[in-house]
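> Here you go, one structure.
The values are calculated or read from the model by the stated rules, or taken from the named source; none is laboratory data. None of the values given here were measured: they were computed from a predicted structure. Glycine also receives a Cβ, built like all others from the backbone with ideal geometry; neighbour counts cover every protein chain displayed. Ligands, DNA and RNA are stripped out before the accessible areas are found, and what is left, the full protein with its side chains, is counted by its heavy atoms. Shrake-Rupley method; radii C 1.70, N 1.55, O 1.52, S 1.80 Å.
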Amino acid sequence: MRSTALAVAALFLTLNQGGLYSAQEVGRGCFLDDSLRVPAADRRAPVIAVFTELCEAADLPVDVALHYDSWGSVIGAAAGQDDDNNGLIYFSASIFELADHRDEFAQILAHELGHIKHEHVDLTKENAAVKKVAEDWCDRQPGNQNDDHYCSSAIELTIPDIFDKSRAFEEAPEALQERLIGFVEDQETSADDYACGLMIKAGYNPRRAAQVFIAAGDFLFELTRGLSGHLKGAEDYHPASVDRGWRTFTCDGGSARSSAGKSKAKSKRKAKGKKR
(Lines give C-alpha, C1' and ligand atoms only; values in the text may rest on other atoms or scores of the structure.)
Protein backbone atom coordinates (compact mmCIF):
# COMPACT_ATOMS: atom_id res chain seq x y z
CA MET A 1 0.00 0.00 0.00
CA ARG A 2 1.25 3.45 -0.85
CA SER A 3 0.88 6.43 1.44
CA THR A 4 2.81 9.44 2.56
CA ALA A 5 5.89 9.90 4.65
CA LEU A 6 4.68 13.32 5.60
CA ALA A 7 2.76 12.00 8.55
CA VAL A 8 5.92 11.42 10.53
CA ALA A 9 7.70 14.73 10.19
CA ALA A 10 7.41 14.88 13.97
CA LEU A 11 10.24 12.38 14.09
CA PHE A 12 12.67 15.24 13.59
CA LEU A 13 12.58 15.49 17.36
CA THR A 14 14.58 12.30 17.59
CA LEU A 15 16.98 13.13 14.79
CA ASN A 16 18.88 16.20 15.96
CA GLN A 17 22.55 15.29 15.75
CA GLY A 18 25.79 16.44 17.32
CA GLY A 19 28.11 17.12 14.37
CA LEU A 20 27.76 16.24 10.71
CA TYR A 21 27.97 13.18 8.55
CA SER A 22 30.86 13.05 6.13
CA ALA A 23 29.10 14.49 3.11
CA GLN A 24 29.61 15.38 -0.54
CA GLU A 25 28.30 18.61 -2.02
CA VAL A 26 25.96 18.03 -4.95
CA GLY A 27 24.68 21.56 -5.42
CA ARG A 28 24.76 24.99 -3.84
CA GLY A 29 24.16 24.31 -0.16
CA CYS A 30 23.03 20.73 -0.88
CA PHE A 31 24.92 17.71 0.46
CA LEU A 32 24.65 13.92 0.47
CA ASP A 33 25.78 11.48 3.11
CA ASP A 34 28.66 9.39 1.79
CA SER A 35 26.47 6.29 1.96
CA LEU A 36 24.48 7.78 -0.92
CA ARG A 37 27.30 7.50 -3.44
CA VAL A 38 25.23 5.06 -5.45
CA PRO A 39 25.16 3.96 -9.13
CA ALA A 40 22.40 5.16 -11.42
CA ALA A 41 20.72 1.74 -11.23
CA ASP A 42 20.28 1.99 -7.45
CA ARG A 43 16.63 2.58 -6.59
CA ARG A 44 17.68 5.46 -4.33
CA ALA A 45 19.13 7.37 -7.29
CA PRO A 46 15.81 9.05 -8.29
CA VAL A 47 15.27 10.20 -4.69
CA ILE A 48 18.76 11.71 -4.65
CA ALA A 49 18.16 13.46 -7.98
CA VAL A 50 14.85 14.90 -6.79
CA PHE A 51 16.42 16.11 -3.54
CA THR A 52 19.23 17.84 -5.43
CA GLU A 53 16.84 19.65 -7.78
CA LEU A 54 14.51 20.73 -4.98
CA CYS A 55 17.32 21.80 -2.67
CA GLU A 56 18.91 24.01 -5.31
CA ALA A 57 15.55 25.57 -6.23
CA ALA A 58 14.67 26.20 -2.57
CA ASP A 59 17.57 28.59 -1.90
CA LEU A 60 17.30 27.90 1.83
CA PRO A 61 19.02 30.03 4.50
CA VAL A 62 21.02 26.99 5.70
CA ASP A 63 22.83 24.08 4.13
CA VAL A 64 20.86 20.82 3.90
CA ALA A 65 22.18 17.26 3.84
CA LEU A 66 20.29 14.15 2.74
CA HIS A 67 20.92 10.96 4.73
CA TYR A 68 19.79 7.39 4.29
CA ASP A 69 18.29 5.73 7.34
CA SER A 70 19.42 2.14 6.95
CA TRP A 71 17.89 1.18 10.33
CA GLY A 72 14.38 1.95 9.15
CA SER A 73 13.57 4.16 12.14
CA VAL A 74 12.15 6.82 9.79
CA ILE A 75 8.97 6.04 7.90
CA GLY A 76 9.42 7.65 4.52
CA ALA A 77 11.22 10.88 5.38
CA ALA A 78 11.76 13.27 8.27
CA ALA A 79 13.50 16.61 8.80
CA GLY A 80 15.98 17.56 11.49
CA GLN A 81 18.81 19.88 12.41
CA ASP A 82 22.42 19.39 13.46
CA ASP A 83 24.31 21.28 16.16
CA ASP A 84 25.45 23.88 13.62
CA ASN A 85 21.82 24.58 12.63
CA ASN A 86 22.22 22.96 9.23
CA GLY A 87 19.20 21.10 7.91
CA LEU A 88 18.98 17.30 7.77
CA ILE A 89 16.57 15.15 5.80
CA TYR A 90 16.48 11.42 6.41
CA PHE A 91 14.74 8.87 4.22
CA SER A 92 14.46 5.10 4.52
CA ALA A 93 13.58 2.18 2.27
CA SER A 94 9.94 2.65 3.26
CA ILE A 95 9.77 5.66 0.94
CA PHE A 96 9.40 3.19 -1.93
CA GLU A 97 6.29 1.76 -0.29
CA LEU A 98 4.85 5.27 -0.18
CA ALA A 99 5.76 6.68 -3.58
CA ASP A 100 6.79 5.34 -6.98
CA HIS A 101 7.20 8.45 -9.14
CA ARG A 102 9.55 11.44 -9.13
CA ASP A 103 6.67 13.87 -8.55
CA GLU A 104 5.61 11.88 -5.48
CA PHE A 105 9.16 11.81 -4.14
CA ALA A 106 9.16 15.57 -4.69
CA GLN A 107 6.06 16.04 -2.52
CA ILE A 108 7.62 14.12 0.36
CA LEU A 109 11.00 15.84 0.21
CA ALA A 110 9.65 19.33 -0.52
CA HIS A 111 7.42 19.07 2.54
CA GLU A 112 10.46 18.29 4.71
CA LEU A 113 12.35 21.19 3.12
CA GLY A 114 9.35 23.32 4.10
CA HIS A 115 9.89 22.41 7.75
CA ILE A 116 13.54 23.47 7.42
CA LYS A 117 12.60 26.67 5.57
CA HIS A 118 10.18 27.68 8.33
CA GLU A 119 12.60 26.61 11.10
CA HIS A 120 10.20 24.03 12.52
CA VAL A 121 13.24 21.86 13.26
CA ASP A 122 14.77 24.47 15.60
CA LEU A 123 13.69 23.13 18.99
CA THR A 124 14.77 26.26 20.86
CA LYS A 125 12.50 28.46 18.76
CA GLU A 126 9.72 25.90 18.66
CA ASN A 127 9.65 25.42 22.41
CA ALA A 128 9.57 29.19 22.89
CA ALA A 129 6.64 29.42 20.47
CA VAL A 130 4.76 26.67 22.32
CA LYS A 131 5.32 28.47 25.62
CA LYS A 132 3.92 31.69 24.17
CA VAL A 133 0.83 29.87 22.90
CA ALA A 134 0.23 28.49 26.40
CA GLU A 135 0.93 31.84 28.09
CA ASP A 136 -1.44 33.72 25.78
CA TRP A 137 -4.16 31.14 26.34
CA CYS A 138 -3.76 31.28 30.11
CA ASP A 139 -3.78 35.08 30.17
CA ARG A 140 -7.18 35.08 28.47
CA GLN A 141 -8.82 32.81 31.04
CA PRO A 142 -11.44 34.33 33.41
CA GLY A 143 -10.05 35.53 36.71
CA ASN A 144 -6.48 35.48 35.45
CA GLN A 145 -6.24 31.74 36.08
CA ASN A 146 -2.70 31.70 34.77
CA ASP A 147 -1.68 31.66 38.45
CA ASP A 148 -3.44 28.34 38.96
CA HIS A 149 -1.43 25.14 39.01
CA TYR A 150 -2.66 23.84 35.68
CA CYS A 151 -1.58 27.03 33.90
CA SER A 152 1.76 27.43 35.64
CA SER A 153 2.67 23.91 34.58
CA ALA A 154 1.14 24.24 31.10
CA ILE A 155 3.47 27.07 30.10
CA GLU A 156 6.41 24.71 30.60
CA LEU A 157 5.17 22.36 27.89
CA THR A 158 7.52 21.67 24.98
CA ILE A 159 7.20 20.33 21.45
CA PRO A 160 8.22 16.81 22.62
CA ASP A 161 5.45 16.95 25.25
CA ILE A 162 2.90 17.54 22.49
CA PHE A 163 4.11 14.86 20.11
CA ASP A 164 4.69 12.26 22.84
CA LYS A 165 1.47 13.17 24.64
CA SER A 166 3.36 13.36 27.89
CA ARG A 167 1.66 13.35 31.26
CA ALA A 168 2.13 17.13 31.48
CA PHE A 169 0.35 17.56 28.17
CA GLU A 170 -2.50 15.21 29.11
CA GLU A 171 -2.99 17.14 32.37
CA ALA A 172 -3.33 20.47 30.57
CA PRO A 173 -6.88 21.76 30.00
CA GLU A 174 -8.51 20.17 26.97
CA ALA A 175 -9.03 23.55 25.32
CA LEU A 176 -5.31 24.30 25.62
CA GLN A 177 -4.43 20.86 24.25
CA GLU A 178 -6.56 21.62 21.21
CA ARG A 179 -4.87 24.99 20.78
CA LEU A 180 -1.41 23.39 20.89
CA ILE A 181 -2.43 20.66 18.45
CA GLY A 182 -3.72 23.42 16.16
CA PHE A 183 -0.33 25.11 16.40
CA VAL A 184 1.38 21.96 15.11
CA GLU A 185 -1.25 21.39 12.41
CA ASP A 186 -0.64 24.92 11.18
CA GLN A 187 3.03 24.08 10.78
CA GLU A 188 2.20 21.03 8.68
CA THR A 189 -0.05 23.14 6.47
CA SER A 190 2.64 25.78 6.02
CA ALA A 191 5.14 23.06 5.05
CA ASP A 192 2.65 21.74 2.47
CA ASP A 193 2.10 25.24 1.08
CA TYR A 194 5.82 25.76 0.73
CA ALA A 195 6.17 22.34 -0.93
CA CYS A 196 3.58 23.33 -3.54
CA GLY A 197 5.50 26.42 -4.64
CA LEU A 198 8.83 24.67 -4.51
CA MET A 199 7.66 21.74 -6.64
CA ILE A 200 6.35 24.08 -9.31
CA LYS A 201 9.54 26.15 -9.21
CA ALA A 202 11.63 22.99 -9.66
CA GLY A 203 9.47 21.70 -12.52
CA TYR A 204 7.44 19.01 -10.77
CA ASN A 205 3.71 18.36 -11.18
CA PRO A 206 1.63 18.86 -8.00
CA ARG A 207 -1.31 17.01 -9.57
CA ARG A 208 0.77 13.88 -9.93
CA ALA A 209 2.42 14.52 -6.56
CA ALA A 210 -1.00 14.55 -4.88
CA GLN A 211 -1.29 10.82 -5.60
CA VAL A 212 0.95 10.23 -2.60
CA PHE A 213 -1.97 11.09 -0.32
CA ILE A 214 -4.48 8.64 -1.79
CA ALA A 215 -3.93 5.75 0.60
CA ALA A 216 -2.54 7.79 3.48
CA GLY A 217 -5.53 7.50 5.80
CA ASP A 218 -5.80 3.72 5.79
CA PHE A 219 -2.04 3.26 5.85
CA LEU A 220 -1.53 5.47 8.88
CA PHE A 221 -4.42 3.88 10.72
CA GLU A 222 -2.94 0.43 10.27
CA LEU A 223 0.55 1.67 11.09
CA THR A 224 -0.20 3.60 14.24
CA ARG A 225 -3.29 2.08 15.85
CA GLY A 226 -1.22 -0.07 18.22
CA LEU A 227 1.63 2.38 18.79
CA SER A 228 2.37 5.25 21.13
CA GLY A 229 4.81 8.15 21.13
CA HIS A 230 5.98 9.92 17.99
CA LEU A 231 4.26 7.63 15.50
CA LYS A 232 0.88 7.77 17.22
CA GLY A 233 1.14 11.53 17.65
CA ALA A 234 2.13 11.99 14.03
CA GLU A 235 -1.19 10.55 12.91
CA ASP A 236 -3.06 13.03 15.08
CA TYR A 237 -1.23 16.23 14.20
CA HIS A 238 -1.31 16.23 10.40
CA PRO A 239 -4.37 17.61 8.59
CA ALA A 240 -6.52 14.93 6.95
CA SER A 241 -4.80 13.28 4.00
CA VAL A 242 -7.80 13.90 1.73
CA ASP A 243 -7.59 17.63 2.48
CA ARG A 244 -3.86 17.72 1.91
CA GLY A 245 -4.19 15.79 -1.31
CA TRP A 246 -6.86 18.15 -2.66
CA ARG A 247 -4.88 21.25 -1.71
CA THR A 248 -1.81 19.81 -3.42
CA PHE A 249 -3.80 18.77 -6.50
CA THR A 250 -5.29 22.26 -6.89
CA CYS A 251 -2.29 24.36 -5.87
CA ASP A 252 -0.83 26.81 -8.37
CA GLY A 253 2.21 27.92 -6.38
CA GLY A 254 1.11 31.49 -5.62
CA SER A 255 2.88 33.13 -2.70
CA ALA A 256 4.42 29.81 -1.74
CA ARG A 257 6.21 29.63 -5.09
CA SER A 258 7.42 33.19 -4.68
CA SER A 259 8.75 32.61 -1.18
CA ALA A 260 10.53 29.43 -2.22
CA GLY A 261 13.09 31.43 -4.13
CA LYS A 262 13.56 34.47 -1.91
CA SER A 263 15.58 33.23 1.03
CA LYS A 264 19.33 33.85 0.92
CA ALA A 265 22.02 31.53 2.13
CA LYS A 266 23.27 32.68 5.53
CA SER A 267 25.60 29.92 6.61
CA LYS A 268 28.20 27.57 5.16
CA ARG A 269 28.66 23.98 6.15
CA LYS A 270 31.58 23.38 8.48
CA ALA A 271 33.92 20.70 7.20
CA LYS A 272 33.84 18.07 9.85
CA GLY A 273 32.60 14.51 10.22
CA LYS A 274 29.80 13.21 12.34
CA LYS A 275 30.78 11.74 15.68
CA ARG A 276 28.89 8.70 16.81
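> On the basis of being of a type in the set (Gly, Ala, Ser), buried (at least 16 other Cβ atoms within 10 Å of the Cβ) and over 20 Å from Asp186 (Cβ atoms), does Gly72 make the cut? Let's see the steps before the verdict.
Working: of a type in the set (Gly, Ala, Ser): yes; buried (at least 16 other Cβ atoms within 10 Å of the Cβ): no; over 20 Å from Asp186 (Cβ atoms): yes.
No, not satisfied.
> Please go through region 21-52 and pick out each residue that is in contact with a Lys or Arg (Cβ under 9 Å, 6 or more places away or on another chain) and open to solvent by 30 Å² or more (accessible area, probe 1.4 Å).
Tyr21, Ser22, Ala23, Gln24, Glu25, Val38, Pro46, Ala49
> Suppose we filter region 158-180 for residues that are within 27 Å of Leu60 (Cα to Cα) and open to solvent by 10 Å² or more (accessible area, probe 1.4 Å); how many remain?
Going through region 158-180 one residue at a time, the tally reaches 2.
> In addition: Restricting to region 20-59, and then to whatever is within 23 Å of Met199 (Cα to Cα) and among the basic types (Lys, Arg), can you tell me which residue is farthest from the chain's Cα centre (by Cα)?
Among those that are within 23 Å of Met199 (Cα to Cα) and among the basic types (Lys, Arg), it is Arg43.
Per-residue answers, yes or no, for (1) at pLDDT 95 or above; (2) within 15 Å of Val50 (Cα to Cα); (3) not hydrophobic (A, V, I, L, M, F, W, C):
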{"position": "Gly76", "(1), (2), (3)": "no, yes, yes"}
{"position": "Asp84", "(1), (2), (3)": "no, no, yes"}
{"position": "Ala93", "(1), (2), (3)": "no, no, no"}
{"position": "Glu104", "(1), (2), (3)": "no, yes, yes"}
{"position": "Ile108", "(1), (2), (3)": "no, yes, no"}
{"position": "Thr124", "(1), (2), (3)": "no, no, yes"}
{"position": "Lys131", "(1), (2), (3)": "no, no, yes"}
{"position": "Asp147", "(1), (2), (3)": "no, no, yes"}
{"position": "Tyr150", "(1), (2), (3)": "no, no, yes"}
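> Collect the residues in region 128-140 that are crowded, with 16+ Cβ neighbours inside 10 Å and more than 24 Å from Arg244 (Cβ to Cβ), keeping them in residue-number order.
Ala134, Trp137, Cys138
> Sticking with this one: Could you check Glu178 against (1) at pLDDT 90 or above; (2) in contact with a Leu (Cβ under 7 Å, 6 or more places away or on another chain) and say which number it fails?
Of (1) at pLDDT 90 or above; (2) in contact with a Leu (Cβ under 7 Å, 6 or more places away or on another chain), only one is false for Glu178: (2).
> Between Ala110, Ala79, Ala99, Ala106, which is closer than 25 Å to Leu157 by Cβ, touching a helix residue (DSSP H, G or I) at 6+ places or on another chain (Cβ under 8 Å) and open to solvent by less than 20 Å² (accessible area, probe 1.4 Å)?
Only one candidate passes the filter, namely Ala79.
> Right, something else. Scan Val121, Val62 and give me the residue that is outside any helix (DSSP H, G or I), open to solvent by 10 Å² or more (accessible area, probe 1.4 Å) and on the phi < 0 side of the Ramachandran plot.
Numbers: Val121 fails: open to solvent by 10 Å² or more (accessible area, probe 1.4 Å).
Just a single option satisfies the conditions, and that option is Val62.
> I'd like to verify a number: residues in region 167-208 that are assigned to a helix (DSSP H, G or I), without any contact (Cβ under 8 Å) to a residue 40 or more places away in the chain and of a type outside the set (A, V, I, L, M), how many? I'd like the intermediate steps shown before the answer.
Step one: of region 167-208, the residues assigned to a helix (DSSP H, G or I) are 167-171, 174-201, 206-208.
Filter again for without any contact (Cβ under 8 Å) to a residue 40 or more places away in the chain, leaving 167-171, 174-175, 177-178, 182, 186.
Subsequent filtering for residues that are of a type outside the set (A, V, I, L, M) retains 167, 169-171, 174, 177-178, 182, 186.
So the count comes out to 9.
> Still on this structure, I have one more. Look at region 60-84 and say how many of its residues are within 17 Å of the chain's Cα centre (by Cα) and over 17 Å from Glu97 (Cα atoms).
Within region 60-84, residues that are within 17 Å of the chain's Cα centre (by Cα) and over 17 Å from Glu97 (Cα atoms) number 12.
> Looking only at region 200-223, how many residues end up being among the aliphatic types (A, V, I, L, M) and modelled with pLDDT of 90 or more? Don't jump to the end; show me each part of the working.
Restricting attention to region 200-223, the residues satisfying the condition of being among the aliphatic types (A, V, I, L, M) are 200, 202, 209-210, 212, 214-216, 220, 223.
The next check asks that each one be modelled with pLDDT of 90 or more; those that pass are 200, 202.
Within region 200-223, residues that are among the aliphatic types (A, V, I, L, M) and modelled with pLDDT of 90 or more number 2.
> Separate question: In region 82-96, which residue that is polar (S, T, N, Q) and open to solvent by 10 Å² or more (accessible area, probe 1.4 Å) is farthest from Cys30 (Cα to Cα)?
Residues of region 82-96 polar (S, T, N, Q): 85-86, 92, 94.
Remaining after also requiring open to solvent by 10 Å² or more (accessible area, probe 1.4 Å): 85, 94.
Working: Asn85: 14, Ser94: 23 Å.
That would be Ser94.
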